[in-house]
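The block underneath contains the structure these notes are about, expressed in structure tokens.
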Amino acid sequence: MARALSDAELSAGARLMSRLDAFATFTDEPGKLTRLFLSDAHRRAAAAFIGWCAEAGVKARIDAAGNVVARYEGKQAGAPALMLGSHIDTVRDAGRYDGNYGALAALAVVEQLADGGERLDHAVEIVAFGDEEGVRYRTTLTGSRALAGTYPKEALDQRDAAGVAMRDALRAFGGDPDKASSIRAENVAAFVEAHIEQGPVLEAENLPLGVVTAINGATRLEVGVEGMAGHAGATPMTLRRDALAAAADMALAIEKRARGEPDLVGTVGRLEVWPGAANVIPGVARFSIDVRAPSDSQRAAALAEMRASLDAIAKARGVSVTVAVTHEANAFVCDSRIVAGFKRTVEGLGFPPRLLPSGAGHDAMAMGQLCPAGMLFVRCKGGISHNPLESITREDCAFGLAALTRFVREFRLD
Ligand code: GLV
Ligand code: MN
Ligand code: MN
């Protein structure tokens, strides 16, 4: 039986749930939640986050890479920090909990400490990362990679669909592209991220919380297919080099290969076609491929076969194909002491500590290059995510925050 939460934990949970609702109003597309990296909605969300920190008496700022960062000192100024956070960018037409839950839960932990003037042996730093989804630009995790000291400098030259370079968007947002690659965080003892599960395991097992053991590795590719545009009425089927038909064949080959093995997943999530008219045979197609697996060697083997099948399809259809890697993150194993700590706090709340891997990518995998890192999962309805139907209960929201807060209070420096 789950133990009851204290009144303070219940009210902190309720405040977090209302904040998540209020935060969802910061959107670039009225009527839905779309908050792309460095957009106007991102700027307004960051300003609200900074304002809420100020109300708690904690000074927050935007760092050079576009993250919102703040520090709550421990008993001794300058003590090593336990860093908490997640991302506040979203996919298009997103749910309101992916990323935002962990960023606002981090703020809620510090608010509770500050409310009672409570100081710990360690400092607590909170971060609302700017760029986890990789929707506006082709890279991802640039915020967490900046703090981890692995910033992909070349990303600054990328342009979004409207031609705006990341370098310029970052400067306009209040970041500093010239310093983004040199802001590696110092004196961080560990990083922990609370996040909705984005999968169905916890709901199926009737559990509100899960302790993450590992995060799947991922590769994203950008594929260009070039055929020959031509007249849709006058060109016989046998004489065409249709770039879209080739891309469709390729997408099915990716799906088939990914289906062939347990735990491997492959997705073609974006496809663009030129010139894009009903009466013109497509001359050019571009699409993304996202491949993930718990084992790096499994992912590498699948990618090699996928690339060979793209070449074979291109050859058979008389089109050319180019493939560029836009993101690569190896599988990440969560720190065993953090896993043990979350197991204790989940048990302390009266629940069996369900250990599970994450199929989704997270800022924790980048932060794991800097310091020990780990994650706590909160059950979400139907396992649905990257969808406006994303949903959590008020009760689970409070359990997740209580587990994170207890973890922070019980955390010990070596
Ligand atoms: C982030 O949501 C990812 O796993 O792509
Ligand atoms: Mn996320
Ligand atoms: Mn996401």
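Over the chain, what is the percentage of antiparallel beta bridges among all DSSP beta bridges, to the nearest 5? Once the DSSP bridges in the chain are tallied, antiparallel ones form about 65 percent.
Comparing 404, 36, 120 in a Gaussian network model of the chain (Cα springs below 10 Å), the most mobile by mean-square fluctuation is 120. Here's the picture: a label point sits 7 Å out from the Cα of residue 186 along the beta-carbon direction, and within segment 136-164 the residues with their amide nitrogen under 19 Å of it are 146-151. Accessible surface for the chain, divided over its residues, is 42 Å² per residue with a 1.4 Å probe. Computed over segment 280-414, the range of Cα coordinates on each principal axis works out to 63, 37, 22 Å, biggest value leading. Given +1 at the Cβ of Lys and Arg, -1 at the Cβ of Asp and Glu and no other charges, the dipole of segment 82-220 around its Cα centre is 600 debye to the nearest 20.
Taking 22 Å as R0, compute the FRET efficiency from the Cβ-Cβ separation of residue 7 and residue 409 and round it to 0.05.
The computed FRET efficiency comes out at 0.85.
Separation of segment 115-131 from segment 189-235 is 29 Å, based on Cα centroids.
With a simple spin-label model that places each label point 7 Å from the Cα along the Cα-to-Cβ direction, the separation between residue 312 and residue 162 comes to 4.4 nm.
Roughly how many whole Å is it from the C-alpha centroid of segment 165-182 to that of segment 352-408? If you average the Cα positions of each part, the centres end up 29 Å apart. Taking only the C-alpha atoms of the chain, the Rg (one decimal) and the largest Cα-Cα distance, Dmax (whole number), read 22.5, 79 Å.
The share of alpha-carbon pairs in segment 1-106 lying farther apart than 16 Å comes to 63%. Net charge dipole, segment 140-237: roughly 320 debye, given to the nearest 20, about the Cα centre with Cβ charges of +1 for Lys and Arg and -1 for Asp and Glu. Modelled this way, with points 7 Å down the Cα-to-C-beta line, the labels at residue 274 and residue 55 are 4.8 nm from one another. Stretched out straight at 0.36 nm per residue, the stretch from residue 238 to residue 344 would grow longer than its current Cα-Cα span by 31.6 nm.
The alpha-carbon of residue 75 sits under 18 angstrom from the alpha-carbons of these lysines, leaving out residues fewer than 8 places away in its chain: 59.
The values are calculated or read from the model by the stated rules, or taken from the named source; none is laboratory data. Predicted, not measured: the structure shown is a model, and the values here were computed from it. Every residue, glycine as well, gets a Cβ built from its backbone with ideal geometry; the counts of neighbours run over all protein chains shown. Heads up: the accessible areas ignore ligands, DNA and RNA and are worked out on the full protein's heavy atoms, side chains in. Shrake-Rupley method; radii C 1.70, N 1.55, O 1.52, S 1.80 Å.
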